[in-house]
Structure formats: structure tokens, C-alpha cells
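Read the structure below first, then the notes.
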Amino acid sequence: MNPVSKESLLEALQWRYATKQFDPNQLIGDDLWAVLEQSLVLAPSSFGLQPWKFVVVTDLAVKAKLVEVSWNQAQPRDASHFVVFAVRQDIGDEHLDRYMARTAEMRGVSVEDMAGFRNVIKGALDGARTKGTLDEWQIRQIYIALGQFMASAALVGVDTCPMEGIVPAKYDEILGLKGTGWMTVVACAAGYRSADDKYATTPKVRFPTDEVIERI
């Protein structure tokens, strides 16, 4: 692996901003989009459980409907690709068994050999369910994937805008998630900034490093 240089990393993160206006005529190429999809697939999660589904919306009619339930923000319509981050509700044995089977397949071991690992995960899930915090735990995981997606996009020169200004229940209806066990949490537009977006050149506002980094 050839690491990205320190300078390139910081340059990409300085270049990135929450894009307000996308150029609807500039689309992300298929090969590049495939890379960004893999950045989602490769995102880390607690226990590696991947309690998520990423719905990639490019259909113009669907994108238009999403604008109406996104506080009439234009990003869902104008961005090249619009990603909806959905989480598995009340995650249980079915998902866990699927994960264990996939682990066995990828690592060349038997499911039986991982019984101890499975019990540890199941204990954590059951404990969270008892406390009423299971779905919230899964929701927090999905923001890890969102962050990785945005950073990856910046490194390859693709603009993004994370969006919580949406109506998740309406998203679920439009995307066919209602009643499936999946629920919308957050979304992210991806594409290329419009030349008219004044925020592209607006200085970033960040507190000084010494105020937000504590070294012990």
C-alpha cells in the first residue's frame, strides 16, 4: 500500500465542505462511484456487525420526492448520487447468524469454532436490548460509515453534504424501507460543487487546535 501523503490528506480535508449547491450536470463516473461504494462496505463497526444498509439513489423521480421531505433542500435532486444510511432495527439472531456464516466463509473456519465469539456478541446485543439502547447503539455505528464515506470522497475529489435535515419516516416510505426492519437515519449527497456555491470559498471556522486537542 502507498500511503497518502500528510500534505495530500490535509489538503483534501481543507478542500472538503458541506456542499450547498451541486452541479446537476456533473456526474460521478461509474468506476469512481464503485470505489466510493467500497468505502462504505469497508467501514468499521462494533464487533464488525455492519448493522446497516446504504441505499444509493440516482433515479431522478425518487430524488425529486426526497427533496420534498428534506426541508426542500436541493441537494438530493442536484447531487450526482444520494446515499441514504439505514440501520437494522432490533438487530437479533438472524443478523448475527448471517454475520457468523460470512466470517466463517471469509476466514476458512467453522461456525462452531466461533461459538464463544458469537456468545460474546449475543450477550452484548441482549444486554443493550434489555436496557432499551440497542437501536441507539446501531445508529451510532452508522455515523462511522458516514465519516469514512465523506473522508474517502474528499480524497478522490468528490464533494459531499451530510444531511440530517430530513424526515426519516417519509424517506422509509419513499424508499420502500417501511416494515422491512430497516430505518433511515441520515443521508449524504455526493457529486461536484456548483461554481455558484459561495460556500466553496468561505473560510472554515474551527476552534484553535490547542482548544480541542488535549495531550496527556
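Quick look at the numbers
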| item | result |
| --- | --- |
| Antiparallel content of DSSP bridges confined to the chain, in %, to 5 | 95 percent |
| Point-to-point label distance, Glu164-Lys204, nm (Cα→Cβ direction, 7 Å offset) | 2.0 nm |
| At R0 = 30 Å, FRET efficiency that the Cβ-Cβ distance of Asn2 and Ala195 yields, to 0.05 | 0.40 |
| Length gained when the stretch Asp97-Phe47 is fully extended (0.36 nm per residue, less Cα-Cα span) | 16.7 nm |
| Ranked Ser5, Ser45, criterion: other C-beta atoms within 10 Å, fewest first | Ser5, Ser45 |
| Helix runs (DSSP H) in the chain reaching 30 Å along axis by Cα, Kyte-Doolittle at least -1.0 | 134-155 |
| Residues of the range 15-37 with amide N under 16 Å of a point placed 7 Å along Cα→Cβ from Trp71 | 18-21 |
| Ranked list, fewest to most other Cβ atoms within 10 Å of each Cβ, for Val41, Val62 | Val41, Val62 |
| All lysines inside 29 Å of Lys6 as judged from Cα atoms, apart from same-chain residues fewer than 8 positions distant | Lys20, Lys198, Lys204 |
| Asp159, Asp210, Asp59 arranged by Cβ crowding within 10 Å, fewest neighbours leading | Asp210, Asp59, Asp159 |
| Qualifying lysines (Cα of each under 17 Å from Cα of Lys65; at least 8 residues distant if same chain) | Lys170, Lys178 |
| Reach of Lys122 by Cα under 21 Å, taken over lysines that are not fewer than 8 positions away in the same chain | Lys53, Lys131 |
| FRET efficiency estimate (nearest 0.05) - Cβ-Cβ, Lys131 to Arg215, R0 45 angstrom | 0.85 |
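Taken together, the values in this text are just the output of simple stated rules run on the coordinates, not laboratory data. Since this is a predicted model, take the numbers as computed values, not measurements. Cβ: placed from backbone, ideal geometry, glycine included. Neighbour counts: every protein chain shown.
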